[in-house]
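We did not get these values from a lab; they are worked out from the coordinates using the rules stated. Remember, it's a predicted structure, so these values are computed and weren't measured experimentally. Cβ placement follows ideal geometry from the backbone for every residue including glycine, while neighbour counts extend to all protein chains displayed.
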Amino acid sequence: MSADLAQLWGRSPVLLDGGMVTALIARGFTGGGSPELWNVERPDDVLAVHAGYLEAGSVVIQTNTFGGNGLALLGHGLASEMEALNHAAACIARRAIEQHGQGGRLVAGNLGPSGSFLPPVGDADPGELTEAFSAQAAALAAGGVDYLAIETMTDVEEALCALHGARRATDLPVTVCLTFEKGPRGFFTMMGNPLEDTARTLADAGADAVGANCSIGSETLLEACPLLVAASPVPVVVKPNAGLPELEDGQPLYRQAPRDFARDMAAMARLGARAVGGCCGTDEHFIAALASELAADAGRSE
Amino acid sequence: MDARDLPHEQRQAILAGDTERAVELAREALATGADILACVDDGFVAGIREVGRLWAEGEYFLPELVQGAEAMKAAMAVLRPELRKSEPERERRTRVVLGTVQGDIHDIGKSLVGTVLEANGFDVVDLGSDVPGEVFVDQVAQDGARILGLSALLTTTMSGQGRVIELLKERGLRDDVFVLVGGAPVTHRFAAEIGADGYAANAMAALDEARRVLGEER
């Protein structure tokens, strides 16, 4: 059994952070390379992103390791650097909290998709996937993260590999978010996993919290939130994108206004979401707006 | 087996993503001297169209799509030699070059387009995914292809379609080939903006577009 996530998170709802790659792009990162490389090549920029979120009010900052799985790094020729990149990411986040100086802040070690697909879509081996996630989790734990956040999973089977892998490596709490799309029949992952079923499956498999991140905006996730809260026996995490991107000059632009995001996220908190944050397209302004909304709500309920 | 049942069973095999069964039924079609074109149109292609419809309706997801495509590919591999035999003038078959643009590894939709075009008389060269612009252009030049189909599934890679069109212009090949584009983020408007000759949202629409640009009647 793992340490008490609720104790770590403190008062509900806990404010997570916003997009990392979005922030790196603003600092000059161009698509195609590995964002994780910045953990060793441009650590000050990564630190600055964390500092921005802490300043805006994030209680949890997430490591720059979305693509840090060994299998995902293979595509960039960086598989041999997996440990170093993940360890460095955790250390940078810890340093950001130290420098920020305020108590009670947490580092979540991010584990994103491996980039490999299980059959029938691909030919990945579940054992190999589990091992890769385990190794990444170990590196993040060694770097000092407070808990692990598995995210952006499109296949509940891969999510389970990640969860098992994480549990094999550490005793730290583990949260698991999948990415859902809204179709004619409701919310499903790209692989066809239904929202409520996956929440239960992951909770039964030992996830300390489950939820949804990426792919959809806050307006759409707001529809899914009550379904998640009703279905999940464990706390719920919600981290939508800043709306759907529009393409301008070949670059995706997110046009949602921070205040609209904040309004939706605060509504999700009132509906029972335990942890709220943002994904692609969100930045410190989004988190700051959300922090204000949550503070106002807290003030009102006193 | 009664040949009239074959297309129905073939359609079902694709719907079920049952590759073994699809291959079995394709072989049966050959062995019993069944109408191969009917098997293709009313059987396998009808099956993959149904898969596409169920996908659009949120009933089928990626795994079902992949399994249907695999079964389709396997069945077509069995029938291809027979299909080619029944078209004596091989040189008359219109050459189509297909691929997913550079930086993009999505290929299911694009492969389905290839399968449907091939089943309907086109000679398809599928370059796969993550294809550099120059490779597309070289293949078009080498084959004298009349149609170039470009697929992009990401908002961040669809600009690659425009770049290939520019490359064709640079190489003086633009007027020799019809460029059709597709993929989830691609639209008619985007196609027009980049100077493509046509746009298709799915494999069946791609067949219609291919015939349209070549001036054929359906």
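Once the chain from B:ASP35 to B:HIS188 is taken as fully extended at 0.36 nm per residue, the excess over their C-alpha distance is 51.4 nm.
Among A:155-165, A:255-265, sorting by the average number of other beta carbon atoms lying within 10 angstrom of each residue, highest first, gives A:155-165, A:255-265. Full extension of the chain segment joining A:ALA257 with A:ARG270 gains 2.6 nm, where the gain is 0.36 nm per residue of separation less the Cα-Cα distance.
Using every pair of separate Cα atoms, the Kirkwood estimate puts the hydrodynamic radius of the range A:68-138 at 13.5 angstrom. For chain B, the longest principal axis of the alpha carbon atoms and the long axis of helix B:108-119 meet at an angle near 70°. Averaging 1/r across all pairs of distinct Cα atoms in the range B:1-121 and inverting the result yields a Kirkwood radius of 14.7 Å. Electrostatic tally near A:VAL107: other residues with Cβ closer than 9 Å to its Cβ, Lys and Arg +1, Asp and Glu -1, net +1. In summary, the lysines within cross-link reach of A:LYS239, defined as a Cα separation below 20 angstrom excluding same-chain residues under 8 places away, comprise A:LYS182. Summarise the long-distance tail of P(r) for the protein assembly as shown by giving the % of C-alpha pairs beyond 33 Å. Every Cα pair in the protein assembly as shown considered, those over 33 Å come to 46 percent. Peptide A:183-195 shows a mean partner chain C-beta count of 3 within 10 Å per residue C-beta. Between the amide H of B:VAL125 and those of B:VAL96, B:VAL97, B:LEU98, distances stay under 5 Å, these residues lying 5 or more places away or on another chain, with hydrogens modeled in the peptide plane.
Across all Cα atoms of the range A:182-302, the radius of gyration (one decimal) and Dmax (whole number) stand at 14.8, 48 Å. Helix B:6-15 and the longest principal axis of the Cα set of chain B meet at an angle near 50°. Which one, B:ALA16, B:ALA71, A:VAL210, projects farthest toward the positive side of the charge dipole computed for the protein assembly as shown from Cβ point charges (K/R +1, D/E -1)? The one lying farthest along the dipole's positive direction is A:VAL210. Ignoring aspartates and glutamates fewer than eight residues from B:LYS169 along the same chain, the ones with Cα atoms less than 20 angstrom from its Cα are B:GLU134, B:ASP138, B:ASP143, B:GLU193, B:ASP197. Where only DSSP H runs of four or more residues are counted, chain B gives -16000 deg cm²/dmol as its mean residue ellipticity at 222 nm, each run worth -39500 (n - 2.57).
Within straight-line reach of B:LYS85, meaning a Cα separation under 30 Å, sit the following lysines at least 8 residues removed in sequence or on another chain: B:LYS73, B:LYS110. Restricting the calculation to Cα atoms, chain A yields a radius of gyration followed by a Dmax of 17.5, 54 Å. Look at the stretch B:63-70: the mean tally of other chain Cβ atoms within 10 Å of its residues' Cβ atoms is 3. Rg and Dmax, both from the Cα atoms of the range B:97-218 and both in Å, are 12.6, 36. Over all distinct Cα-Cα pairs of chain B, the Kirkwood formula returns a hydrodynamic radius of 17.6 Å. The stretch between B:LEU83 and B:ASP138, if pulled fully straight at 0.36 nm per residue, gains 17.0 nm over its current Cα-Cα span.
Placing pseudo-labels 7 Å out from each Cα toward the beta carbon at B:ARG27 and A:ALA6 gives an inter-label distance of 6.0 nm. Looking at the range A:1-117, the pairs of alpha carbons with a distance over 19 Å make up 46% of the total.
Using the Karplus relation 6.51 cos²θ - 1.76 cosθ + 1.60 with θ = phi - 60°, the per-residue 3J(HN,Hα) values for the range A:35-51 come to x, 5, 4, 4, 5, 10, 8, 9, x, 5, 5, 5, 4, 4, 5, 4, 4 Hz, with x marking Gly and Pro. Throw me the Rg/Rh for the range A:147-229, computed over C-alpha atoms with Kirkwood Rh, two decimals. Here Rg/Rh amounts to 0.96. Close amide-amide hydrogen proximity is noted between A:GLY18 and A:GLY278, each under 5 Å apart and 5 or more residues distant or on a separate chain (H modeled in the peptide plane; Pro and chain starts excluded).
From helices alone, chain A scores -14000 deg cm²/dmol at 222 nm; the rule is -39500 (n - 2.57) for each run of n ≥ 4 DSSP H residues, then divide by the residue total.
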